[in-house]
Every structure is written in C-alpha cells, then in structure tokens.
Amino acid sequence: MSDTTTLICAQSVIWLVVFGLCAVIALLFQRVRGFYRRIAPLGALAPTAAAIEHLPATRLLSLSGREVTAGGSRDDGRPQLLVFVSGSCPVSRKMVPIINDFARREHLSLLYCGDESDEAQKRTIAALGLSENGFVNDPAIGRLLGVDRVPFAVLLDPTGAVQARGLVNNLEHLESLLGVQETGYRSLQGFMTANPRPWRAEKTVSRV
C-alpha cells in the first residue's frame, strides 16, 4: 500500500471518528436538555398537606402583646405571607433578610410565626434580627397549615385562601410561590408537568 493511500485511509478514519463524536455530543446535549426540563428549577416543596384551604381571620398576640390578624379578608387588598422560622435553624437565619426584602419588593403583608416557648422565641427574634411586633407564637396556625419544618412559607390571597405553601431555602423558592398567581398551578412541578416545553412557556411566565 502506497504512502498516499495510507494517508487517505488515516484521514478517512479520523473524519469518521470526528463525525461520530459530534453525533454523540449532540445526543448527550438533547438528553441533558430533556433532563433539565424535568427537574429545574425546583419550586418551594410542601412535604405535608394543609388541613385547610382557607384561613379565616385569626386574631393573635405578637410577642410584644400587640394584636395582629392572620388570614381572612384584608382591607388593604394585599396578599399575606406567613413565614415559620426558628432561631436554631441556620437556614432560617440566612433567609430572614431575603424574605424581608422579598416581601417589601412584592408588597406582601409579612408575619413571622413560631412554635416554641415565649422565652425561646424572644431568643429567636434576637438571633434573627426580627421585631416582636411582627412575630407570633402559636402552634395551632402551623398545624392547620401543615407546617412540619422550617423555614416554611404560606402565601394567602387577600381573602385568606391558601395560594401556595412550602419550604423556602432560597429566593427562587419564594418567587415560585408568586408563580401560582400567574400560572394557576399550586407548584412549579405541576406547571412543568402540564407544560412539557417550558423553554417556550418561560417567556410568558417570568417568575416561575
């Protein structure tokens, strides 16, 4: 076999290998893209079901002794965000400033809740930098809303209906709660299941 023939054969093999690699890369890209569609981004997850779908106006005392109202129809027409936290939870400590900024930006009425002794809760608000006026200590609310871990957020519409709920470990989880108002789905996972092509849908659903 001449040198020219050997060179041609070698180049042919190289090109076949290159084309084969390109085909494998394209296939992997499609698989990864399909996998990402199914799992990302994750919204707030609710591990337990709530006992109620609507929270009637419930008058509670904050740690400062001031009367506050959770649920029910709101005169200001603003949604209410109930956030359950604990001073011993490092994620709660991380999320408090994010939650405060988020509620202010989205014009939400924010109320923090807990389920410990008053003394423990006062240590909690000191650790988290919260105000006694905006913190209630009532285990009954958490049980009604299916709260078993923290930090846990429940979004109520201006009539007190539960719009969305779940664990909130980052800003994306908080934003996914508001996505319910825009999409009508209780969770981002439900939206992704009903819309198998999120790359097109995400253009019209900016918060999801």
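Just so it is clear, none of the values below were taken in a lab; they were calculated from the coordinates. Note that this is a predicted model, so its numbers are computed, not measured. For neighbour counting, all protein chains shown are included, and Cβ atoms are generated from backbone atoms with ideal geometry for every residue, glycine included.
Odds and ends about this structure:
- Bins of 10 Å from zero: percent of alpha-carbon pairs in segment 67-135: 20, 52, 25, 3
- Once both labels are positioned 7 Å from their Cα atoms along Cα-to-Cβ, the gap between Phe19 and Ala161 label points is 5.9 nm.
- Take each peptide in 136-149, 155-168, 63-76, count the other Cβ atoms within 10 Å of every residue, and average; sorted highest first, the result is 155-168, 136-149, 63-76.
- Estimated FRET transfer efficiency when R0 is 30 angstrom, pair Glu132-Arg105 (beta carbons, to 0.05): 0.80
- Hz values of 3J(HN,Hα) by residue in segment 83-91 - Karplus curve (6.51, -1.76, 1.60), Gly and Pro given as x: 10, 9, 9, 9, x, 8, 9, x, 5
- Segment 109-141 versus segment 69-84: alpha-carbon centroid distance in Å: 17 Å
- FRET efficiency estimate (nearest 0.05) - Cβ-Cβ, Ala26 to Thr5, R0 30 angstrom: 0.40
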